[in-house]
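Novice: My structure is below; once you've seen it, I'll send some questions.
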Amino acid sequence: MEILKDYIVHLDHKKRITLRGAGYQYYYVKEYGNGCIMLEPRELAVPESISVKTLSVMDEAIQNFRNGDISPSVDLSDF
């Protein structure tokens, strides 16, 4: 594997390191006992759909609400 960038970094006063020209916004970090740090790029993605299990739980909750099977009201007057 060839080296694309080679530079020295330092920690700022909040113990952070800045990556110059980083290609990604998020990285998965692995820190090893010998001092090596491995950064793997991560991309956060929006799920394409809601899972079948989640939809069934939502349907069950709505059915319970319609049947009047609900918990008692919470008194928030103390707050």
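Novice: Among the residues of region 1-17, how many are charged (D, E, K, R) and either under 14 Å from residue 37 (Cβ atoms) or modelled with pLDDT of 90 or more (or both)?
Specialist: Final tally of qualifying residues: 4.
Novice: Restricting the search to region 21-51, which residues are open to solvent by 90 Å² or more (accessible area, probe 1.4 Å), more than 22 Å from the chain's Cα centre (by Cα) and modelled with pLDDT under 90?
Specialist: none
The values are calculated or read from the model by the stated rules, or taken from the named source; none is laboratory data. Just so you know, these numbers come straight off a predicted model, no measurement behind them. Don't worry about glycine lacking a Cβ; one is built from the backbone with ideal geometry, like all the others, and counts go over all protein chains shown. In case anyone asks, the SASA skips ligands and DNA or RNA and just uses the protein heavy atoms, side chains included. Shrake-Rupley method; radii C 1.70, N 1.55, O 1.52, S 1.80 Å.
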